[in-house]
C-alpha cells in the first residue's frame, strides 16, 4: 500500500510540473521569446475585421511578415501590466486606444517610443497624430443623435442643450458608461453654456447638477458599441450621445436616426508598440503602413471610422466622402477633445473622475 | 447504512494523506495562495512605502462601502431564491420513482453547465429586452400596453445569476437527499407523523448538510460575479468585482485593487462566520 502511495505521489508530482510548464511564467516555456510574426491586440468584431483587411493582410502581402490579431476584451491595461511584470511580451502592438490610457501606459513603462526614422510618413495626418508613444489611426467622433420619428425636422434637437431639456425633448435617452466619463461631464457643461476650452478642469458640482436633470430619463447606459446600436435600432432610446461610427452603422442597419454635427468632437485612436517587443522594428513598419491613405480608405469603408490621413478621402466613394469629419466641409465644425485647453488635466485625473462618476451613477 | 459506510473508510496515515493531497495543495499554493499572499503586501504599499492609504481611501470614499453592501445584498437575494427554487427540484429528483424522468431532470439541471455564462447572459438579453420575447408575449396577450423595461436593472441581474447558480444549490442538496436513510422517514410515518411533519422533523434537518454547502457555493460565487451584472445590469447594479476590474485593467492601480480584494475576502469570511454561528456548519459536517 505504501509503495503504491509513493508511486501515486510521483505521478502527481509529474502532472504538477507539466501543468506548471504550461503557465505563461513557467520554466519550460522560454521558447516564446523567438517569434517570426507580429501579434497585434484588437478589440474584436467589425473593427478587427477592418484592421485585418485594410492593414494586416496587405502588409503581410507586401513584406512577408505575418500578422496575427488577438482580441483582448477590455483587459488591455491589465494584460500589459502582467506582460511587463513577467517579462513575457505576448503582443507587439496595441490598437485603438485613446490618449488618456496610452499616456498612462507610457508613464508606467508599458510602451516603446515611436521610431520616427522608420515611421516617416506622418506629415499628412491630422494634428496631434504623431505622439512619442503612438501614431493616430482613426478619429472616433462623439455626437448627438436623435430618432426622426420622435422628433420630426421642425422639432429636431440642435445641440447638447436639447439633450438635457427633458420637457421640450421628452423620451428615453442613451449615454455611455464605459469608463473615462470626462466627455459626458464636458458635454453637460457645454449644454450649460461653457465653451470647450473652459470645460477643464471639470467643475464637478455644476456638471453633476446638469446630469441630475437627465439621469431619470437615461434608459440605456451602454457599456459597448453593440449595445448602443441595439438600443438605437429598437428605438429604446430616442436621443443618444453616440460615437459617429456606431451611429453610421445603426443608420445603415435601418435605424431611424440622424446625426447632429453641431458641437461634435473626436478622439484620436492610436496604434502603439509594446515595450520590449521582440519584433520592434517590424512593428514600427506596420505603424508606418497603417498611415497610407489608400489602406485607410479600405478601413473606413468597412467600419465607418474616419482615418487619420485626410488624403484617404479621395479614395472613398463619393457618397462616403462628405460624411467624414476630415472632409473640408466638416473639419472646422468638429474639434479634437484632447487638443482643448487643459486637456492634460483629463489625462492626469482619470482616477478621480472615474470615482466621482461611479459614486454619482451607482445611486 | 451509515455504520457500514463508516467502517469501510480506510484510515490513511498522516504521511499518506499529505502525499495524496499534494497535487491539489501544490496547485492551490501556486495559483491561489501565492497570488493572494503577494496581493496583501502590495495593497499595503503606497508610492513605494508601507501605508494604509488604500484601505483608508476605501472607507473614506462613500462609493466603496456602498457597493460592497450592495454586492452582499444581491448575493444574499440570489442565494435565498436559489434555495427556494432549487430545494423542491432536488427533492423531486431524489424521490422520483421514474428513473428515466429523474435522469432527464438531472440532465436539465446539468445542461446549463455545458453553455458558457456569456451565452446564457446574452440569451436573457434576447428574452428580456424591450422588443424581446417576454414583452412581445405580454403585449400580444393584452396584459400590458407599453413594453416594460426588464433589462439593465437589479431584477434582470438576479434572474440571470439565479439561472447560473441553481445547479450549485440543487446538486449538493440532491446528493444528500438521495443518500438519506429512507427507513428514518418510514419510522416517522409509522409513529404517526403526517407527511408534512415527517418532512420538517426528519427529512429537512437531515438534508441540512447539503443545504449548507449549496448556500455556501451560491453565496461565495455570487459575491465575485462579474459578467452577468455587467451585461444584464445597469449602473444601479454595479458590483464590487467590476470596481476591482476597473482598477486593474483601466486605472492600473493594482495596489488599490488588492486592497478592495482583501476587504472582499474578509467580508466573505465574516459572512460565513456569521452564517456558521446561526446555522452551525460544524454540526452540519459532523457525521
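Taken together, the values in this text are just the output of simple stated rules run on the coordinates, not laboratory data. Here the structure is a predicted model, which means the values were calculated and not measured. As a convention, Cβ positions derive from the backbone with ideal geometry for all residues, glycine included, and neighbour counts pool all protein chains shown.
Quick notes
- When only Cα pairs below 8 angstrom with a gap of at least 6 residues are kept, the range B:54-285 shows a relative contact order of 28 percent.
- Whole-Å distance, taken between Cα centres, linking the range A:78-139 and the range B:64-102: 47 Å
- Take each residue in A:226-234, count the other chain C-beta atoms within 10 Å of its C-beta, and the mean is 2.
- Computed from the Cβ-Cβ distance with R0 of 25 Å, the FRET efficiency linking residue A:132 to residue A:49 stands at 0.25.
- Take each peptide in A:38-44, A:256-262, count the other Cβ atoms within 10 Å of every residue, and average; sorted highest first, the result is A:38-44, A:256-262.
- Cα centroid separation, the range B:177-256 to the range A:293-363 (Å): 47 Å
- Nearest-ten-degree value, helix A:2-22 long axis tilted from longest Cα axis of chain A: 50 degrees
- Tensor-based shape of the range B:54-285 (alpha-carbon gyration tensor, a/c under 1.5 rounded, otherwise prolate or oblate): oblate
- Sorted peptide list for A:176-186, B:136-146, A:212-222, B:195-205, criterion being average Cβ within 10 angstrom, highest first: A:176-186, A:212-222, B:195-205, B:136-146
- For the pair residue B:204 and residue B:96, label points projected 7 Å from Cα toward Cβ lie 2.4 nm apart.
- Peptide B:239-252 has a mean of 5 when you count, residue by residue, the C-beta atoms of other protein chains within 10 Å of its C-beta.
- Chain A: angle of helix A:76-86 to the longest principal axis, Cα-based, in degrees nearest 10: 20 degrees
- Ellipticity estimate at 222 nm from DSSP helix runs (n ≥ 4, -39,500 (n - 2.57)) divided over chain B, nearest 500: -23000 deg cm²/dmol
- Separation in nanometres of the label points that stand 7 Å from Cα toward Cβ, at residue A:224 and residue A:261: 3.2 nm
- Theoretical ellipticity at 222 nm over chain A - DSSP helices of four or more residues, -39500 (n - 2.57) apiece, nearest 500: -11000 deg cm²/dmol
- Computed from Cα positions, the angle between helix A:182-191 and the longest principal axis of chain A comes to roughly 0 degrees.
- Across peptide B:143-151, the average count of Cβ atoms from other chains found within 10 Å of a residue's Cβ is 1.
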